[in-house]
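Enquirer: Sharing a structure, written as structure tokens. Questions coming.
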Amino acid sequence: MALLPVSDAKARLLSRTHPVTGVETVPLGEAATRVLASDIQARLTQPPFNSSAMDGYALAAADAPQVGSELTVIGSAAAGHAFGGTLGRGETIRIFTGAPVPKGADTILIQEDAEKIGEDRIRTTFEVTAGRHIRPRGQDFAEGETVLKAGTVLDFSHLTVAAAMNHPTLPVFRRPIVAILATGDELIQPGGTPAPAQIIASNTFGAAALVRDNGGEVLDLGIAPDSQDAISAAIQRARDAGADILVTLGGASVGDHDLVQSTLRASGMELDFWRIAMRPGKPLMVGSLDGMHVLGLPGNPVASMVTGMLFLEPLLRRLAHLPERRREVQGITARPLAANDQRQDYLRAKISRDERGNLVADANPKQDSSMMKIFAHADGLVIREAHAPEVAAGEPCRILLIRPFD
């Protein structure tokens, strides 16, 4: 099978991907970052009454036709404590922010513009205008009004207004389930003591973090040894759990010890494609098994992380009803870049800004796909298209951000 260009591979992967339809109701306090599954209407009107926007005095503007008008204070009102009466001619009440405006009042005189001239008398020291400093009933929203739309990715502002609309729970799309399976006799869990031919399994933790960061729920299938029976059993656990995506780590090639692809095929997987024209990450595998997406990421840690960003992230975000995360930006290269071959390169780089504000990417001279430290310290990946010619320092380049860069 010929190497597939990255753009074609991503397009094929997403062309058969449809968002999940399952909906669940979650408490408001657990709804942050979830995607709203239906429109949400207000269950009440906000504010529910005309309320004062300032501390001061509630009165009728007609009772203070000029600066120096005097009024009698007959009571008070605070947030949560309304004045029960009606104002008569020449009367006012002391009022505080959030309190209901009493009957007979149509304006608020702020406390800085009132002079106390007795125990229960004030004099205006500023012009009074009807309607000033009053929040009218329903100024924010009215009962029955649709305030939040289906598809909204809920953040702190949405949850605040949902609470104000008197919703203790919200309907959200369920999180896609991503089963992650590491494979290989050489792997042991972090914290263990590796034998002379063993290494610590690391890819699972990067893949799991990527899943959670993009709206997914992780099902960790652990490490399967290089055994068809063990791999088959893990695949079945993913199917039994109703996983939307099965991510395998390593073993997707066709060598004597690479059993993942053959075992998946024996389990009924329909292989869409594998072997991508990219570096690192050539042995990426994509298929489907009874409606479950199968994504075989390479075993080399950096290749696993790069292909996870390029393929797992957009696949998962499509399933989770999340907008595409746009990581690619334009910049300039800090050093000359050699001409490229038929594979699209992703070069780990530190990023800075020059005096003009341009992003400057300094690609590390070491790019071996097993070197995790360089990836952890990098800010982005310089994208070198297949057959790209040599470029000099200071020339434009495409950058895939690993994390936000200010």
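Laboratory data are not the source of any read-out in this text; all were calculated from the coordinates shown. Because the structure is predicted, anything quoted here is derived from the model rather than measured. Note that we place each Cβ from the backbone using ideal geometry, even for glycine, and neighbour counts take in every protein chain shown.
Enquirer: Which trypsin sites (Lys or Arg not before Pro) in segment 108-195 sit in a loop by DSSP (not H, G, I, E or B) and have at most 12 other Cβ atoms within 10 Å of their own Cβ?
Expert: Of the trypsin sites (Lys or Arg not before Pro), the ones in loops of segment 108-195 whose Cβ has at most 12 other Cβ atoms within 10 Å are 149.
Enquirer: Enumerate the calculated ³J(HN,Hα) couplings along segment 132-137 in order (Karplus 6.51 cos²θ - 1.76 cosθ + 1.60, θ = phi - 60°), each rounded to whole Hz, writing x wherever the residue is Gly or Pro.
Expert: 6, 6, 10, 8, x, 3
Enquirer: Give, as a single signed number, the net charge of other residues whose beta carbon lies under 13 Å from the beta carbon of residue 372, with Lys and Arg counted +1 and Asp and Glu -1.
Expert: Net local charge, residue 372 excluded: +2.
Enquirer: Enter the angle in degrees (range 0 to 90, nearest 10) between the Cα long axis of helix 203-213 and the first principal axis of the Cα atoms of the chain, meaning the one along which they spread out most.
Expert: 30 degrees
Enquirer: Moving to a separate point now. Just tell me the longest site-free run in the chain, where the sites are GluC sites (Glu not before Pro) in a DSSP loop having at most 12 other beta-carbon atoms within 10 Å.
Expert: 120-323
Enquirer: For segment 368-378, what does the Karplus curve 6.51 cos²θ - 1.76 cosθ + 1.60, with θ = phi - 60°, yield as ³J(HN,Hα) per residue in whole Hz, taken in order and with x for Gly and Pro?
Expert: For segment 368-378, the Karplus curve yields 4, 6, 9, 8, 6, 4, 5, 5, 4, 8, 7 Hz.
Enquirer: Defining a contact as two alpha carbons under 8 Å apart and six or more residues distant in sequence, what relative contact order in percent does the chain show?
Expert: So the answer I get is 16 percent.
Enquirer: If you don't mind, there's one more thing I want to ask. With viscosity set to 1.306 mPa s and temperature to 10 °C, compute the Stokes-Einstein D of segment 328-401, Rh being the Kirkwood radius across alpha carbon pairs; µm²/s, no decimals.
Expert: For the chosen part, D equals 130 µm²/s.
Enquirer: Are there trypsin sites (Lys or Arg not before Pro) in segment 1-41 that DSSP marks as loop and that have at most 11 other Cβ atoms within 10 Å, and which are they?
Expert: Those satisfying the criteria are 16.
Enquirer: So who's got an amide H within less than 5 Å of the one on residue 143, skipping anything under 5 residues away but keeping other chains? H placed 1.01 Å off N, in plane.
Expert: 45, 46
Enquirer: Then there's this: Comparing 230, 58, 363, which has the greatest mean-square fluctuation in the GNM of the chain with Cα pairs linked when under 10 Å apart?
Expert: Of 230, 58, 363, the Gaussian network model singles out 58 as fluctuating most.
Enquirer: Out of residues 5 or more away from residue 23 or on other chains, whose amide H comes under 5 Å of its own, with H placed 1.01 Å from N in the peptide plane?
Expert: Amide H neighbours of residue 23: 174.
Enquirer: Please compute the contact order of segment 198-308 in relative form: average sequence separation of alpha-carbon pairs under 8 Å and at least six residues apart, divided by the residue count, as a percent.
Expert: Reported as a whole number, the value is 25 percent.
Enquirer: Calculate, in nm to one decimal, what residue 352 and residue 163 gain on full extension: separation in residues at 0.36 nm each, minus their alpha carbon distance.
Expert: Once the chain is fully extended between residue 352 and residue 163, it gains 63.9 nm.
Enquirer: Calculate one ³J(HN,Hα) per residue across segment 230-243 by plugging θ = phi - 60° into the Karplus curve 6.51 cos²θ - 1.76 cosθ + 1.60, and present them in order as whole Hz with x for glycine and proline.
Expert: Taking θ as phi minus 60°, the curve returns 5, 5, 4, 5, 5, 4, 5, 5, 5, 5, 5, 7, x, 4 Hz for segment 230-243.
Enquirer: How big, in percent, is the set of alpha carbon pairs in the chain lying more than 27 Å apart?
Expert: Here the tail beyond 27 Å accounts for 64 percent of pairs.
Enquirer: Can you list residues from other chains, or at least 5 along the same chain, whose modelled amide H is less than 5 Å from the amide H of residue 279?
Expert: Long-range HN contacts for residue 279: 344, 345, 346.
Enquirer: Find the relative contact order for segment 51-135 and round it to a whole percent, using C-alpha pairs within less than 8 Å whose residues are 6+ positions apart.
Expert: It comes to 42 percent, rounded to a whole number.
Enquirer: Further question: Around residue 39, what is the net charge, scoring Lys/Arg as +1 and Asp/Glu as -1 over all other residues with Cβ under 14 Å from its Cβ?
Expert: Cβ neighbours under 14 Å give a net charge of +1.
Enquirer: Sorted from largest down, give the three principal axis spans of the alpha carbons of segment 11-50, whole angstrom values.
Expert: Projected onto its principal axes, the Cα set of segment 11-50 covers 57, 19, 15 Å.
Enquirer: Once the dipole of the chain is set up with Lys and Arg at +1 and Asp and Glu at -1 on Cβ about the Cα centre, which of 19, 266, 276 lies farthest towards its positive end?
Expert: 276
Enquirer: Given N residues in segment 51-135, what is its alpha carbon radius of gyration divided by 2.2 N^0.38 Å?
Expert: With N residues counted in segment 51-135, Rg over 2.2 N^0.38 Å equals 0.92.
Enquirer: If I model a spin label at residue 195 and residue 43 as a point 7 Å from the Cα along the Cα→Cβ vector, what separation in nanometres do I get?
Expert: The two pseudo-label positions are separated by 6.0 nm.
Enquirer: If Lys and Arg each add +1 and Asp and Glu each add -1, what is the summed charge of the other residues whose beta carbon sits under 14 Å from the beta carbon of residue 351?
Expert: Net charge around residue 351: +2.
Enquirer: How would you rank 372, 278, going from fewest to most other Cβ atoms within 10 Å of each one's own Cβ?
Expert: Ordered by Cβ neighbours within 10 Å, fewest first: 372, 278.
Enquirer: Enumerate by residue number the chymotrypsin sites (Phe, Trp or Tyr not before Pro) in segment 104-198 meeting two conditions: DSSP loop (anything except H, G, I, E, B), and at most 15 other Cβ atoms within 10 Å of the site's Cβ.
Expert: Here the sparse-neighbourhood loop sites are 126.
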